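Notes for the one structure printed next.
The values are calculated or read from the model by the stated rules, or taken from the named source; none is laboratory data. Model, not experiment: these values are computed from the prediction. FYI the Cβ positions are ideal-geometry reconstructions off the backbone, even for glycines, and counts take in every protein chain you see.
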Amino acid sequence: MKSAAGTGRDTNDRDEIELPATMPCQSSTRSIAIAGLSMVYEDHDRVSARRVPLLLLHGAVQSRRVWSAQADAFAGGRRVIAPDLRGHGDTRGEAADLSLGRHADDMIALLDALALPKVVVCGVSLGGMVALEMVARAPDRITGVVLADTPLALSMTGLVRGLIETLGPQRILWPFFTLLGRRRTGRLGLAMARLIFGKKWVGKAAGDLFVEGFSTMSREAIVETYAAIVAADPVALDIADRPCLVIVGRYETTLVVSHAGEIARRLGRTEIVSVEGGHVPNVDAPEEFNAAVMRFLEKSV
């Protein structure tokens, strides 16, 4: 490897999330009606853009805010769009189905609404899974792919995936929501993840954004998001001509690291780069992440 259902807050979810001073960036926030949604997105460098636009897709229980350190950095001469996925962030509308296919269809509808025939798509974690689904559904619309810490599924074995889906581990969230509220449940989940996967699997800033997602998303949308990940099958990709950059945080799980190699095998023209950080390296190590993506964009698309 190279180097929205209900929106009300629980009483104990009202505390403000303290985010690092490096997170804010100047951008134009817009809203557009597509696919039964009022989708909110950040739009950068619309006027001077000359290159293929870049679509940034955040991960599960996150929002477009995870791309604060990327959007302006990538926008020189390139239009950069960072939406809130269905059920996430400030996007409003029906969130009963948050499957990968539904997210991919939403993103393709967004491209249509913005009159963008082609884009480079960059996703982290769940966002990367949605990006792969977009490639499978509309390959002619995607000129390049950047996948950060992206699993293909929870398991590559169908029997195991079926068993996990039957068990429905996401349902354990409901009693914790009742007892603790969303924000404290998010904190508990973060602590458990660090205990299981290592303290550096989620950095401080990424952890704050994760807790913020738990605090602001509806309970139903959180559970449905994790249910969609549990139910996800590996995307069937039969193309080998799409330039792809796979970025893996040095503190990522062995599952995601192994899937990086499988993605490279399926897509063909793929470079794998390891950067500092864990599961959300664009937040954990933005300078190193941005440099890798910029090299890929300049060289490939």
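Residues in the stretch 208-223 that are part of a helix (DSSP H, G or I) and either touching a Gly at 6+ places or on another chain (Cβ under 9 Å) or surrounded by 23 or more Cβ atoms within 10 Å (Cβ to Cβ) (or both): L209, F210, V211, E212, G213, F214, S215, T216, R219, E220, A221, I222.
Within the stretch 100-154, being closer than 17 Å to R78 by Cβ, part of a helix (DSSP H, G or I) and charged (D, E, K, R) holds for one residue alone: R141. Summed over the stretch 265-279, residues that are crowded, with 19+ Cβ neighbours inside 10 Å, in a strand (DSSP E or B) and within 19 Å of the chain's Cα centre (by Cα) total 3. Report, by residue number, each residue of the stretch 197-217 that is closer than 24 Å to L100 by Cβ and more than 18 Å from the chain's Cα centre (by Cα). F197 - this is the single residue of the stretch 197-217 that is closer than 24 Å to L100 by Cβ and more than 18 Å from the chain's Cα centre (by Cα). Restricting G87, G101 to those that are under 22 Å from A232 (Cα atoms), out of contact with any strand residue (DSSP E or B) (no Cβ under 6 Å at 6 or more places or on another chain) and buried (at least 22 other Cβ atoms within 10 Å of the Cβ) reduces the list to G87. Residues considered: D97, D84. Of these, the only one that is of a type in the set (D, E), closer than 23 Å to V145 by Cβ, modelled with pLDDT of 90 or more and out of contact with any Leu (no Cβ under 9 Å at 6 or more places or on another chain) is D84.
Within the stretch 195-207, the set of residues being among the charged types (D, E, K, R) and assigned to a helix (DSSP H, G or I) comprises just one member, K204. Evaluate the stretch 20-32: report whether one residue or more is of a type in the set (V, I, T), modelled with pLDDT of 80 or more and in contact with a His (Cβ under 7 Å, 6 or more places away or on another chain). Checked the stretch 20-32: no residue is of a type in the set (V, I, T), modelled with pLDDT of 80 or more and in contact with a His (Cβ under 7 Å, 6 or more places away or on another chain).
State whether the residues of the stretch 231-248 include one that is under 28 Å from A136 (Cα atoms) and in a helix (DSSP H, G or I).
Checking the stretch 231-248: at least one residue is under 28 Å from A136 (Cα atoms) and in a helix (DSSP H, G or I).
The condition (being in contact with a helix residue (DSSP H, G or I) (Cβ under 7 Å, 6 or more places away or on another chain) and either acidic (D, E) or over 25 Å from R187 (Cα atoms) (or both)) is satisfied by just one residue among V135, V124, V80: V80.
Checking the stretch 249-264 against the condition returns no match, with no residue being crowded, with 20+ Cβ neighbours inside 10 Å and modelled with pLDDT under 85. Taking the conditions (1) modelled with pLDDT under 95; (2) at positive phi; (3) touching an Asp or Glu at 6+ places or on another chain (Cβ under 9 Å) in turn, R137 satisfies each one other than (2).
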